[in-house]
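Remarks on the structure that follows.
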Amino acid sequence: MVSLNENFLKLKAGYLFPEIGRRVSTFAKENPSAKIIRLGIGDVTEPLPPAIIAAMHAATDEMASRETFRGYGPEQGYDFLREKIAQHDFQSRNAEVSAGEIFVSDGSKCDTGNILDIFGHDNRIAVLDPVYPVYVDTNVMAGHTGSADSEGRYQGLVYLPVTAENNFIPELPDEPVDLIYLCYPNNPTGVVASREVLTKWVNYARENQAIILFDAAYEAFITDPKIPHSIYEIPGARDVAIEFRSFSKNAGFTGTRCAYTVVPKTLQAKTRSGKDVSLHQLWNRRHCTKFNGVSYIIQRGAEAVYSPEGQQQIGELVSFYLENARLIREGLQAAGISVYGGVNAPYVWLKTPGTYTSWEFFDELLAKAHLVGTPGSGFGASGEGYFRLSAFNSRANIEEAVRRFQKLVS
Ligand SMILES: *Cc1c(COP(=O)(O)O)cnc(C)c1O
């Protein structure tokens, strides 16, 4: 008889985005004339910049002739892309990362989940609360947790609450942990981590032989020159951190799929018998065994992100979304709402007005203003009483959404 991975059965049934989808489609069916504006799921709305499209067209043409056709490429990614990444995203910021430490992939969501393949099952795992649900759910699937309590906290995970009370900056854990997920600029709160905060975590990891899994998917949205873009800008991070980056949010690749993970060659962990093992080697083995590389055409598109035209065009994209975030943030503030984030990130995190729970506010906003956001409680128990709005939309929709929001709460 077949046995199942019954850890999947521990996952909370109403996963956040499907539940939102159900409520929105029910409302839309009952109110067919309502013009619903969606500021819920964090997906980009603007088309790929022309420099990237041109590079992908040219690469497509190369595939059409025997002389320039490409079959399987290197699993880790083509050198033309890995070199540009290392130079532009790290070395130019005095972060020591070489091309050989970069693994190009089809997404950071996959990478943050797949990375668990190279770790044992007895690690103590810390996540922020609220958190990007992928970190939690992949650990549940891997059997690293017990079941969830009524608020959705899984037994066996160490939750580090981030709320207005601690300015959304977590305390260090008061019990030992081995793997720490950090995401900055943060999804869902839109908050960034200063050099001091990141240094505190790197030092913690060094002192406790822990490893930081650093998700920097929103690094391009950092406007404050004092905020680090990479964990490797912090001295000593090469020995304790893996970093995840993606072209999804900075360059509009959510549907095109390209990302990368940095595993420094200096990053090691010990076997039970005390022998040092290179995590770079383990991840390389995993990546080559279970992945066959990102399409050549897409990697040429990603390379074009680093051309002068590409840089200018993605800069305009990011500025466009940041201006949306500013309009949301200032519009809500003017309406007397407490808002957080939205300065160095495309998300605005707000305190629900009055005594609304996150889901009550979701229903109210949908019913009365025809706006869709994301209930904070869907990201974790400490997100209760908060709500996320995304800046990924057209300018006209953002302006209309802010007007409707102001009318609702005034
Ligand atoms: C959008 C997002 C990513 C990017 O995921 P891809 O699979 O590369 O599209 C990674 N981490 C977080 C927190 C995100 O919100």
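The values are calculated or read from the model by the stated rules, or taken from the named source; none is laboratory data. All values derive from a computational prediction rather than experimental measurement. Cβ placement follows ideal geometry from the backbone for every residue including glycine, while neighbour counts extend to all protein chains displayed. With ligands, DNA and RNA removed, areas are computed over all heavy atoms of the protein, side chains included. Shrake-Rupley method; radii C 1.70, N 1.55, O 1.52, S 1.80 Å.
At-a-glance table
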{"read-out": "Computed FRET value (nearest 0.05) for Met141 with Leu172, which takes r as the C-beta separation and R₀ as 30 Å", "value": "0.65"}
{"read-out": "Antiparallel DSSP beta bridges within the chain, as percent of all bridges there, nearest 5", "value": "55"}
{"read-out": "Sites Ser150 and Asp224 - FRET efficiency at Förster radius 41 Å, r taken between beta-carbons, to 0.05", "value": "0.60"}
{"read-out": "Radius 15 Å from Cβ of Thr45, net charge of other residues (Lys, Arg +1; Asp, Glu -1)", "value": "-3"}
{"read-out": "Local net charge near Ser278, Cβ-Cβ under 13 Å (Lys/Arg +1, Asp/Glu -1)", "value": "+3"}
{"read-out": "Lysines whose Cα lies under 16 Å from that of Lys109, excluding same-chain neighbours fewer than 8 positions away", "value": "Lys249, Lys290"}
{"read-out": "Computed Rg/Rh of region 53-308, alpha carbon atoms with Kirkwood Rh", "value": "0.97"}
{"read-out": "Protection proxy ranking, peptides 183-193, 260-270, 125-135, average beta carbon neighbours within 10 Å, highest first", "value": "183-193, 125-135, 260-270"}
{"read-out": "Cβ-Cβ FRET estimate between Ala28 and Glu67, R0 fixed at 45 Å, reported to 0.05", "value": "0.30"}
{"read-out": "Centroid-to-centroid separation of region 1-73 and region 300-323 [C-alpha atoms, Å]", "value": "21"}
{"read-out": "Shape of region 270-343, Cα gyration tensor, a/c cut at 1.5", "value": "oblate"}
{"read-out": "Computed label-point distance, nm, for sites Arg272 and Gln87 using a 7 Å Cα→Cβ extension", "value": "4.7"}
{"read-out": "Heavy-atom accessible area ranking, 1.4 Å probe, most first, across Leu327, Leu365, Leu317, Leu4", "value": "Leu4, Leu327, Leu317, Leu365"}
{"read-out": "Rounded percent of accessible protein surface that carbon and sulfur make up, region 53-308, 1.4 Å probe", "value": "48"}
{"read-out": "Arg403-Phe17 pseudo-label distance in nm [points 7 Å out on the Cα-to-Cβ vector]", "value": "3.0"}
{"read-out": "Distance between region 221-287 and region 329-361 - C-alpha centres, whole angstrom", "value": "31"}
{"read-out": "Packing rank of 150-161, 227-238, 273-284, where each peptide gets the mean count of other beta carbons within 10 Å, highest leading", "value": "227-238, 150-161, 273-284"}
{"read-out": "Estimated vicinal HN-Hα couplings, Hz - region 106-121 in sequence order (Karplus 6.51, -1.76, 1.60; Gly, Pro = x)", "value": "9, x, 6, 4, 4, 5, 5, x, 5, 4, 4, 4, 9, 10, x, 9"}
{"read-out": "Per residue accessible area of the chain, 1.4 Å probe, in Å²", "value": "44"}
